[in-house]
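Single-structure report; data block below.
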Amino acid sequence: MDRISELFRNKNKKVLNVYCTAGFPRLESTLEVMKELQDNGVDIIELGMPYSDPLADGPVIQESNTRAIANGMTTSVLFSQLKDFRKHITIPVVLMGYMNTVMQYGFERFCKDAAEVGIDGLILPDLPVYEFESTYREIIRENGLHFIFLVTPETSAERIKKIDSLSSGFLYAVSSSSTTGKNTETNHLPEYLQRLQSLHLQNPVLVGFGISDSKTFNDATAYSRGAVIGSAYIRALGDGGEIKAITKDFVDRVRPVS
C-alpha cells in the first residue's frame, strides 16, 4: 500500500506532518506519541532516529536525541518497538535520521527491516545526491520505500528539478538555511514557494523549519501542500505532562479550523 501517494490523492491542501523523536520523552513513549498524533488528525508522522550529532537540527531536537539515546533507544530497539505498529497506525510514517546511524546498522538490512515493519519512506539529509544515485537508490526502491530530499531557498532551479526527479512521496522545502527550531521569518515564503510552484515539480511540496503554530502553518500552506512541525512539538513534550493532553492541545492550536 502506497500510503503517501494515497494521502496526497485524497488531500489537496494543509497536510500536517509532525516530527517526533523515537524514545522521547521516555524509551517506551514512541508508539504512544505516534498514536496520539494520529488520533488528533496529523496526516504524516516523521519519526526521528536519535543520533549524537544531528547536523540539520537545532538545540531542541538535539536535546531530545540526547535524551532518547540516554533512555536506551537504538535502531534495533526502534525496529523492535515498530514490529506491530501497523495494527494501530494507519497514516504514513517516514523515518528521519543520518547516514552514520543507518550505515552502522547496515544499509540493506535497514531498508529491509523498515519496509517489513511498514515504514513508508526515508529522510536522510546527509546522503549526497551522487551517492544516492550511484549506490543506494535501487536498494531503497527494491524495498518499496519513498526517499524524500530537501531543498532550500538557495537551491538553484536546475538542482531543484534534479532533486525532484530523484525524490518520491513529497519534496521537503526547507524554509531557510538555518537549523530546525529557529524563529525563522516567513516573509520570504510566498516568493520562495511561488518559485517552486513555477517549476511544475512532480512531487507535492511540504515546508519545514520554523513552522510552530497556526500562523506559520497558514503562511507555509498558502503556497504548498502542507507543512512539517518538529521543534515546537518536541518542546511541548519535553515540558512534561500527559502525552495525550499535550498532543491534543498542540494539534488543536496548529491546525486551522475548517
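Overview of results
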item	result
Length-normalised contact order for region 1-91 - Cα pairs under 8 Å, 6+ apart - percent	35
Largest-first principal axis extents, alpha carbons of region 18-95, Å	31, 23, 17
Mean shadow area of region 1-142 over all directions, Cα convex hull, nm²	8.6
Stretchable slack from Lys248 to Leu166, in nm (0.36 nm times residue separation minus alpha-carbon distance)	26.0 nm
With eigenvalues of the C-alpha gyration tensor scaled by 5 and rooted, the chain, Å	25, 23, 17
Convex hull (Cα only) mean projected area of region 107-238, reported in nm² to one decimal	8.7
Charge dipole (the chain, unit charges on Cβ, about Cα centre) - positive-most of Gly241, Phe209, Val251	Val251
About the Cα centre, charge dipole magnitude for the chain (Lys/Arg +1, Asp/Glu -1 at Cβ), debye	520
Cα-only radius of gyration and Dmax that characterise region 1-63, units Å	13.6, 37
Mean Cβ neighbour count within 10 Å, used as a protection proxy, ranking 20-31, 226-237, 150-161 highest first	226-237, 20-31, 150-161
Among the listed pairs Lys112/Lys161; Lys14/Lys244; Lys87/Lys162; Lys83/Lys244; Lys112/Lys244; Lys87/Lys248, those beyond 25 Å (Cα-Cα)	Lys112/Lys161; Lys87/Lys162; Lys112/Lys244
Added length on full extension, which subtracts the Cα-Cα distance from 0.36 nm per residue, Val129 to Lys83	13.5 nm
Set of region 234-250 residues, backbone N closer than 20 Å to the point 7 Å along the Cα-Cβ line of Lys215	234-236, 250
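Every read-out reported here was derived from the displayed coordinates using simple, explicitly stated rules and does not represent laboratory data. Here the structure is a predicted model, which means the values were calculated and not measured. Note that each Cβ is placed from the backbone with ideal geometry, even for glycine, and that neighbours are counted across all protein chains shown.
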